[in-house]
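Please read the structure below before turning to the comments.
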Amino acid sequence: MHFAELSTEAALAVADPRHITRSELRRLGLPHLVYLRSGLVDGQQAYAIHAADGTAMAVVEDVEGAIELAAANDMTFVAVH
């Protein structure tokens, strides 16, 4: 699994990530940053891979499948609180 690391310059450029603009998000690698959400689909546990802007990109049955799919497409998971 890949984890995103921000350079010091990028980290200083955004003082509060809750107020990040779309252009700042793109500079951080929007096409390659993703996060994982779990939920139920037809009563079954499923995991959705979302782009950094919140767009749902794929739904898979397990975390391992999500990791493989993201790695195969050069995407990096980031933690979302």
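We did not get these values from a lab; they are worked out from the coordinates using the rules stated. These numbers were taken from a predicted model, which means no experiment stands behind them. Positions of Cβ are backbone-derived with ideal geometry, glycine not excepted, and every protein chain shown enters the neighbour counts.
Taking a temperature of 37 °C and a viscosity of 0.692 mPa s, what whole-number D in µm²/s does Stokes-Einstein yield for the stretch 32-81 with Rh from Kirkwood over alpha carbon pairs?
Numbers: Rh = 10.8 Å.
It diffuses with D of about 303 µm²/s by this estimate.
With labels modelled as points extended 7 Å from the Cα through the Cβ direction, what inter-label distance (nm, one decimal) is found for residue 73 paired with residue 32?
The two pseudo-label positions are separated by 1.5 nm.
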